[in-house]
Amino acid sequence: MRTKSTELSPHSKKVMELLKQSSKPLTAYEILDKLHKFGIKAPPTVYRALDSLIERGIVHRIESLNAFVVCHDDHHGEHHDHNARFAVCRSCGTAEEIHDHRLTAFISELGKKLKFHIEREMLELSGLCHACDHKAQRKKA
Ligand SMILES: [Zn+2]
Ligand SMILES: [Zn+2]
């Protein structure tokens with residue numbers, strides 16, 4: 001994970017650590033709950049930390065879950081400002097970040113075609129991840 005030259009606040013670092021350790025997205029409430037033992041108890045502190053991480057493009061918000069996840073786009077040069085798209089498993093709750101430049105191109109083309117100025121894009125697929133799908137298939141058999 002690349003870090004920006006401007007320092008993260010200690011709270012942001014802590015939130016980031018928690019999100020990194022988690023195998024699935026965490027809600028603000030879950031983050032707050034885990035931070036309790038470190039003496040961080042004020043929700044605004046956590047929200048501020050999350051905002052700053054999101055602004056830096058290090059953390060994404062998954063709207064359909066109202067949860068947060070660390071960006072896995074490590075090798076990407078242009079880190080800032082990329083649209084986060086996710087495939088969210090409804091069974092185990094994992095969220096896979098989708099990186100496909102064709103989508104970026106397609107959506108911007110679509111905006112032009114519709115004469116619609118796109119300000120925000122949220123693309124979240126809901127379904128079953130490979131492991132959960134496999135399990136579901138086995139149960140059926
Ligand atoms: Zn990302
Ligand atoms: Zn799953």
## Note on the structure
Restricting to lysines and to Cα separations under 18 Å from Lys41, and discarding same-chain partners fewer than 8 apart, the set is Lys13, Lys14
### Task
Taking only Cα atoms and a 10 Å spring cutoff, compute GNM fluctuations for the chain and point out the largest among His60, His101, His72.
His101
### Query
Under a plain spin-label model, where a point goes 7 Å from the Cα along Cα-to-Cβ, how far apart in nm are His36 and Ile54?
2.4 nm
### Query
Top mean-square fluctuation among Ile58, Ile118, Ile98, Gaussian network model of the chain, C-alpha springs under 10 Å?
Ile118
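What whole-number value in Å² describes the accessible area per residue of the stretch 22-141 for a 1.4 Å probe? All intermediate terms of the calculation are to be shown ahead of the outcome.
On the way: 8300 Å² over 120 residues.
Accessible area per residue: 69 Å².
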### Query
Given the protein chains as shown and a 1.4 Å probe, how many square angstrom of Phe116 are accessible, to the nearest 10?
130 Å²
### Whole-percent carbon and sulfur share, accessible surface of the chain, 1.4 Å
53 percent
### Task
Percent of Cα-Cα pairs per 5 Å bin, from 0 to the last occupied bin, for the chain, please list those.
2, 9, 17, 18, 17, 15, 11, 7, 3, 1, 0
### Task
Could you state how much accessible area Asp133 has, in square angstrom rounded to the nearest 10, with a 1.4 Å probe and all protein chains kept in place?
60 Å²
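Would you mind putting 9-16, 107-114, 123-130 in packing order, based on average other-beta-carbon counts within 10 Å, highest first? Before the final figure, lay out the partial values.
Values: 9-16: 18.8, 107-114: 11.2, 123-130: 13.2.
Ranked by mean Cβ neighbours within 10 Å, highest first: 9-16, 123-130, 107-114.
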### Extension gain (nm, one decimal) between His130 and His99, 0.36 nm per residue minus Cα-Cα
9.4 nm
### Among beta bridges that DSSP assigns inside the stretch 22-141, antiparallel share in %, nearest 5
65 percent
### Task
Using Cα positions and a limit of under 27 Å, work out the lysines in reach of Lys140, with same-chain residues fewer than 8 apart set aside.
Lys24
### Message
Looking at the chain as a GNM with Cα springs under 10 Å, which of Thr104, Thr27, Thr94 has the largest mean-square fluctuation?
### Response
Thr104
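The values are calculated or read from the model by the stated rules, or taken from the named source; none is laboratory data. As the structure is a prediction and not an experimental result, all values here were calculated from the model. Cβ coordinates were reconstructed from backbone atoms using ideal geometry, including for glycine residues, and neighbour counts include every protein chain displayed. Each accessible area value is taken on the protein alone, full model and side chains, heavy atoms only, with ligands, DNA and RNA left out. Shrake-Rupley method; radii C 1.70, N 1.55, O 1.52, S 1.80 Å.
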